[in-house]
Amino acid sequence: MTARILIVGGGIAGLSAAWGLAKRGFRVELFEQGPLPNPASSSHDEHRIIRHAYGEMQGYAHLIVQAFAVWEQLWQALGRRHYLETGSLNLLRCETPWYEGTRESLAALGIGFHDVPLDRVAAMRPMLNLDGVQRAVETDGAGMLFPVRIVTDLVVLLGRLGVRLHAGAKVTAVDPVRGTVTVGGRVHEGDAVVVAAGAWADRLVPSLKGIGVPSRQAVLYLAPPPDLAEAWATAPVMIDMSQDGDVYCLPPRDGMRLKIGDHVFSRRGNPDEDRIATEADLARLWTAARACYRDLDRYAVLEPKACFYTVTKDERFIVRPLDAKGWLISACSGHGFKFGALMGEGVAAAIAGERDPAGVEAWAAGLE
């Protein structure tokens, strides 16, 4: 009889693992504590950056090539693309190893990478505050993924493939030795179990405690003033790097809102909390964003949102076998979505015997 695989978590990693297993002929059941898709999940967002430029983390620059390939497979399966190529603009306000690391990795990959004169940036991007900017760099191979569209279409696709989807099914225990999960006091048995529970994963996998830490993060959705609307409508994804941390921006394109967030992690919070950002959540972000964008007080605040990521100290993924019949997929620091389909596919391939499980952890951490 065909093996049954149980998956805990209905974000991009869990859904992609289910897709990878289902297309290989496994019987798959997926358990999600909320609705499918779940608005409280880390994967529930309008747009996320995907890029080849990874600075000193050159392993991920090479791994993103594999990620793009899996996304292309998914677009074919879904019958439509949920990706917009925009390129990226990177503003450097301090000395950083990002530049040399990115230059080396993109040259090796054949991806475009070039400096832009600051006067040209000022003319093209009047919304930017360039005071203190030392260098501006544009890269190819970057753009926006549209997560809500992706996970919604994946849920529909999995239903067509025969995956049993359990929404509102909170898993309270996982046994990776026996390959079981417990929901509402009932034990479900499988031949293997995959834990892809995002910020809740350390509740089910004790070994993750203190390593992959839930982190409450704030983002702002804004509407630019009318005189800047045209400039924003053609903007690339943007990352502003300073000694105080990075600020990232996704432009209001393809029906999405303008989003600004920062890359400094709170490493605190309970993922059961609400998703409305408080003044305390936003204090650092407002300060950092005002240093990056001119006249930010002229922008209308559409939504101050809190989200949760799982953060490790080195910002690398944790994907590994658990005992005899378990797997863990733990994404990290907000860059998990761009690799989510690849990580799910990688675990599916390992379960199917197509790749050595012993090598998956180093591969997922960008260390191969």
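Please indicate, with yes or no, whether at least one residue in region 42-58 is over 18 Å from L74 (Cα atoms), part of a helix (DSSP H, G or I) and not assigned by TED's automatic domain parsing to the domain that holds T182. Yes: region 42-58 contains one or more residues that are over 18 Å from L74 (Cα atoms), part of a helix (DSSP H, G or I) and not assigned by TED's automatic domain parsing to the domain that holds T182.
Checking V121, V151 one by one, the residue that is farther than 26 Å from A201 by Cβ and in contact (Cβ under 8 Å) with a residue 24 or more places away in the chain is V121 and no other.
Among the residues making up region 70-115, those that are β-branched (V, I, T), part of a loop (DSSP other than H, G, I, E, B) and out of contact with any Lys or Arg (no Cβ under 9 Å at 6 or more places or on another chain) are T96, I111.
Given the criteria within 20 Å of M241 (Cβ to Cβ), surrounded by fewer than 20 Cβ atoms within 10 Å (Cβ to Cβ) and not charged (D, E, K, R), does A122 qualify? Yes, satisfied. If you take the residues in region 167-181 that are of a type outside the set (V, I, T) and touching a strand residue (DSSP E or B) at 6+ places or on another chain (Cβ under 8 Å), which one is nearest to P271 (Cα to Cα)? Per the stated criteria, the residue is K170. The residues listed here are L228, L222; of these, the one that is at pLDDT 95 or above, assigned by TED's automatic domain parsing to the domain that holds N90 and in contact with a strand residue (DSSP E or B) (Cβ under 9 Å, 6 or more places away or on another chain) is L222.
In this entry, A283 is excluded by the filter for residues that are aliphatic (A, V, I, L, M) and within 12 Å of M127 (Cα to Cα).
Would a scan of region 128-137 turn up a residue that is modelled with pLDDT of 95 or more, of a type in the set (D, E), part of a loop (DSSP other than H, G, I, E, B) and not assigned by TED's automatic domain parsing to the domain that holds G20? Yes, that holds for at least one residue.
Considering the conditions (1) farther than 30 Å from R164 by Cα; (2) touching a helix residue (DSSP H, G or I) at 6+ places or on another chain (Cβ under 9 Å), M256 is excluded by exactly one of them, (2). Considering region 277-364, the qualifying strands (runs of 3 or more DSSP E), each wholly inside and each with 3 or more residues that are modelled with pLDDT of 95 or more and within 22 Å of E46 (Cβ to Cβ), run over 300-311. Of all residues in region 203-244, those being farther than 23 Å from G143 by Cβ and surrounded by fewer than 20 Cβ atoms within 10 Å (Cβ to Cβ) number 12. Any residue at all in region 213-228 that is assigned to a loop (DSSP other than H, G, I, E, B) and either closer than 18 Å to F317 by Cα or of a type in the set (F, W, Y) (or both)? For region 213-228, residues assigned to a loop (DSSP other than H, G, I, E, B) and either closer than 18 Å to F317 by Cα or of a type in the set (F, W, Y) (or both): absent.
Among the residues in region 202-217, are any under 18 Å from the mean Cα position of the chain (by Cα), of a type outside the set (G, A, S), closer than 16 Å to N129 by Cβ and not assigned by TED's automatic domain parsing to the domain that holds G11? No, because not a single residue in region 202-217 is under 18 Å from the mean Cα position of the chain (by Cα), of a type outside the set (G, A, S), closer than 16 Å to N129 by Cβ and not assigned by TED's automatic domain parsing to the domain that holds G11. Kindly indicate whether G101 is farther than 25 Å from A289 by Cβ, crowded, with 19+ Cβ neighbours inside 10 Å, in contact with a Phe, Trp or Tyr (Cβ under 9 Å, 6 or more places away or on another chain) and in contact (Cβ under 8 Å) with a residue 12 or more places away in the chain. No. Tell me, yes or no, whether region 73-88 has at least one residue that is assigned by TED's automatic domain parsing to the domain that holds L222 and either modelled with pLDDT under 95 or out of contact with any strand residue (DSSP E or B) (no Cβ under 9 Å at 6 or more places or on another chain) (or both). Checked against the condition, which is being assigned by TED's automatic domain parsing to the domain that holds L222 and either modelled with pLDDT under 95 or out of contact with any strand residue (DSSP E or B) (no Cβ under 9 Å at 6 or more places or on another chain) (or both), region 73-88 yields no hits at all.
The values are calculated or read from the model by the stated rules, or taken from the named source; none is laboratory data. Quick caveat, the model's predicted, so the values are computed rather than measured. Virtual Cβ from ideal backbone geometry, glycine too; neighbours counted across all protein chains shown.
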